[in-house]
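The values are calculated or read from the model by the stated rules, or taken from the named source; none is laboratory data. Since this is a predicted model, take the numbers as computed values, not measurements. Neighbour counts are summed over all protein chains in view; Cβ atoms, including those assigned to glycine, are modelled from backbone coordinates with ideal geometry. What goes into the accessible areas is simple: the full protein's heavy atoms, side chains included, and nothing from ligands, DNA or RNA. Shrake-Rupley method; radii C 1.70, N 1.55, O 1.52, S 1.80 Å.
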Amino acid sequence: EIIVESPAPTGAIDAVAYTSGGDSVALGSRDGSVQLWACQSGRLTSEVRRHQRGVTALALSAGDSSLASASEDELALGGAEAGVREKRYAVDRPIAALAFGSRMQCAVAIGKDVEVYDEHGELSHRLSGHIDRVTCVAWRPLTGELVSGDAGGRLCLWPIEARRRRGSLHTAREPRWS
């Protein structure tokens, strides 16, 4: 069943995220818009923000209080409602993925690194150790541990308090932790 057809002039939706209750979906379009749509009615409920370039990634925090969105040239962190104050950062490398942790940190897969922003939108960690472009990030619930994967087949586990990689699994070869 089709719930929403893209309102973007290009018709392209490049990023989506459900609200925690599942009653709405956030979508990021190539025209730079970030919008919330009601799943039941298929109606636009709000345009949360606009980027100058196409949206590449979205993430909503637990409870939907914060929204992270990335475009081809910036990262925006802030409230999930239109008009709520947000912080914007210019980026010089593509952002492939975003994820919120249980302590409201936002992990950002940017180039070969993972950057972690705290609950105030300030950069708290820059994690290096991937050999290729980071393509995905996820938080382990309740532990503060982050996992990231890259295009070269490496999976890295990051206990954020330690600020260094706990181990990595290279899936392109015989899988084993190092």
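If you check THR135, THR56, THR45 for being under 22 Å from ASP23 (Cβ atoms), part of a strand (DSSP E or B) and hydroxyl-bearing (Ser, Thr, Tyr), only one passes: THR45.
Within the range 83-121, being within 20 Å of ASP14 (Cα to Cα) and assigned to a loop (DSSP other than H, G, I, E, B) holds for VAL91, ASP92, ARG93, PRO94, GLY111. Residues of the range 75-101 that are open to solvent by less than 30 Å² (accessible area, probe 1.4 Å) and out of contact with any Leu (no Cβ under 9 Å at 6 or more places or on another chain): ALA97 alone. For the range 59-74, a tally of residues being touching a Leu at 6+ places or on another chain (Cβ under 9 Å) and either part of a strand (DSSP E or B) or aromatic (Phe, Trp, Tyr) (or both) returns 7. Of everything in the range 131-153 that is modelled with pLDDT under 90 and open to solvent by less than 40 Å² (accessible area, probe 1.4 Å), the residue that is nearest to GLN105 (Cα to Cα) is GLY144. Residue under question is GLY111, and the condition is that it be within 22 Å of ASP64 (Cα to Cα) and surrounded by 13 or more Cβ atoms within 10 Å (Cβ to Cβ); does it hold? Answer is no for this residue. Annotation: of all residues in the range 36-64 being under 16 Å from the mean Cα position of the chain (by Cα) and of a type in the set (Val, Ile, Thr), the one that is nearest to VAL108 (Cα to Cα) is THR56.
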